[in-house]
Amino acid sequence: MNYTWTVYLFVLVLIIKTTICLEDLLDEYVKHIDEINKVSTANNQRFRNNLESSNRIKFHQRLKKSLNLRRKRHTETANNDFNQWTHAEFLDKNKEVMLKWQPRHQEILFRVEAKTRGYVGIGFSPNGGMEGADIVLGWIDDRTSKAYLMDCHGGSKNQGSAPIRDEIDNYRLMAGIQNDTHTIIEFRRALDTCDPDDYVLGLNTVRIIWALHDKDPHLGAEMVYHEERRGSQSLHLLGPPPISKPDDSYQTRQWDVTLKNFEVKDDTTYWCKIFKAPVLQQKHHIVGYEPLIGPNHTSFVHHMLLHECEIPYNMPSIRKWEEFTKENGRPCYSPEMPIEWEKCLTPLVAWAVGSRGENIPKHVGLPLASKSPSYYMLEVHFDNPSMKRVVDTSGLRLHYTHKLRSNEGGFLVAGVTISPLHLVPPQQPEYKSGGYCSMDCTREVLPRDGINVVSVLLHSHLAGRKLKLRHIRGDRELAPIAQDDHYDFNYQQARSLWQEVKILPGDGLITECTYSTLNRKKPTLGGYSTREEMCLAFVLHYPRTQLAGCYSMPPIKYFFDNMGVKEFYEKNMTDIENMFLHGIPETTATPALSTTSLFPPYRPGDENSIEANQKAIIALQNAREFTEGDTSAGLGPLDRLIIKEPLEFQNKSFMSHLQSLPYNETLLTKRIEEYFYHGLHLTFCRKRDDSLAM
């Protein structure tokens, strides 16, 4: 038993010692763990610090990279500014306001660069004035450099001239900056905002109004409209991007065709001068042209045409044309103009007031000097109602190259024959005239594959409001080739087409003009003065064909019959037709008319010729009692036609009868419009060699 207890005691002592050792070991372990934790905590802190530092470095690196990318994009945007803004025009002569824009599907983007540190106003106006205009004002706050944009509209006359803020903002500010001299604002808007205070932007001519102020407006205060630094400029906003001038690879040269110190003194002057083309060893192509207007003469030059001259190539003829080139010129289509100049019929290029000229698409060229020597006639129309005396040196600059383009183009003139039988009644909000290019004409002259229309210059005078070139195929009317429902006489820029239009043999064309004569008391007749009227379309197309002009007019007997006149004293309708169409003198006329023809004699077929009609107008101008542009003074021959039948108009001159009609009666004017638009027409199909195709 003693042995047993001894064993128990030994085991107990062993357990106690072991426990004490384990406790010591545990204490040591705990101390060790504490040391490890301290080291780990320090290491973790250092790791976290390093991690945060690394993240900060990476963040700054990413930020720097992002800023550099933004700067690069901004630089690229600035460098590509011309590409971004597809159109650009100065709105003023001093080049203080530049408007850039880019049409998109249902919206349009604008950029205004104005020489002011105050606000700039841009508006879209129906007539070039403040009343009823859609206006946007933009400025940069001088203190905060923040850009502002305000959607406004012009009030009525009773509301004053200050812009009125719209209830709904339909303009969206994109960007705005300001430097020491200029304010730049970029904004966008929908083409049609469906807001009655906003202007619907479309394919029509748009009158852009602008105004600059030298100070920023006070928010909430009434806007001030600047009376001095303002103006207007008409533009085609939705046309295709303008064609740039050919680069150096085309090796283009210039030919300036200008008058030499010509004195302008009369009200309306048509002046013609013959030029010899540069001596070229081969045919060249004209790739663009622009006007050269004499200093301060912009308001006098109405239009310029450069005609090709079809001449016989023999030595006597060439010597005569060489002498023509040495002259200063002659009055166009007058008795002073040599008969040989009548061979200068087909327009090579056409320019009208307000146009910058035209660069021809890169696949089309206009032929220059296809024969040597080649002669051309420059026709310049001066409109000088104030009768000022000025010396003019205006003309055209042609850009041409020996690198021929793939297609040869030309101009076709369509519309209403220019004559006194083109009647526009007074006191009319809208009155339509139409000139027909017949299906038979295009079927006879155009090639089997037709022609491709590149651009169209629509032309009328001061009463013109809406112009359209309609396109007929079979019994169906296609979309208009060109149309302008807000025509501006002072902005006659050719309309480039987004897509070329094909005119096929057998197609018909109708040149339609809508006039407004509410402020006129007397009828307006067709003629060459800007106070008379025209209705024409100059169609640039390819391939070039023999067709030069395609016009129409009412038959003479039909015209008088529909104006209520059946018979004149001493003249039957055949005599009058001969007078109007061929200038044949009357054998039974009164003494005043027996010795001279009412119209100068010219060949059958000249009834559709612009030139021949101009000769007729010159004859009218030279006739007694004729005053240009004032129908109350009579138009010579028309005033001398004395009515015999019907009895109610008996013994009245035709002009007196024409002026006394009750044009304020809608039924009468609508009937006249119907007769002369949709009624009978004489249609003419004239070729470049001055012959009739039909």
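None of the figures in this text is laboratory data; all of them are computed from the coordinates on show. Owing to the predicted nature of the structure, the values given are computational and were not obtained by experimental measurement. Glycine gets a Cβ as well: all are built from the backbone with ideal geometry, and neighbour counts include every protein chain shown.
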Mean projected area (nm²) of the alpha-carbon convex hull when segment 244-397 is viewed from all directions: 9.7
Per-residue HN-Hα couplings for segment 527-534 [Karplus 6.51, -1.76, 1.60; θ = phi - 60°; Hz; x = Gly/Pro]: x, 9, 5, 5, 8, 9, 10, 9
Backbone N under 12 Å from the residue 498 label point (7 Å along Cα→Cβ), restricted to segment 169-206: 202-204
Rounded FRET efficiency, nearest 0.05, which uses the C-beta distance separating residue 282 from residue 490 and R0 of 41 Å: 0.55
Using distinct alpha-carbon pairs, which all enter the 1/r mean, Kirkwood radius of segment 238-326 in Å: 16.8
Kirkwood estimate for segment 185-277, i.e. one over the average of 1/r between Cα atoms, Å: 19.9
Segments 556-567, 137-148 sorted - mean Cβ within 10 Å per residue, highest first: 556-567, 137-148
Cβ-Cβ FRET estimate between residue 86 and residue 228, R0 fixed at 30 Å, reported to 0.05: 0.40
Dipole magnitude of segment 360-424, debye to nearest 20 (Cβ charges: Lys/Arg +1, Asp/Glu -1, about Cα centre): 280
Contour excess over end-to-end distance, with Cα ends at residue 386 and residue 323 and 0.36 nm allotted per residue: 19.2 nm
Residue 261-residue 393 pseudo-label distance in nm [points 7 Å out on the Cα-to-Cβ vector]: 1.0
Whole-Å semi-axes of the ellipsoid equivalent to segment 485-543 (Cα gyration tensor, √5λ, descending): 29, 14, 11
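Do me a favour and compute the ellipsoid semi-axes for segment 422-506 from its Cα gyration tensor, root of five times each eigenvalue, largest one first, whole Å.
26, 17, 11
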Inter-site label distance for residue 244 and residue 372 at 7 Å from Cα along Cβ, in nm: 3.3
Neighbour net charge for residue 216 - beta-carbon separation under 11 angstrom, K R +1, D E -1: +1
Dipole axis of segment 296-434 (+1 Lys, Arg; -1 Asp, Glu on Cβ), positive-most option in 421, 374, 339: 374
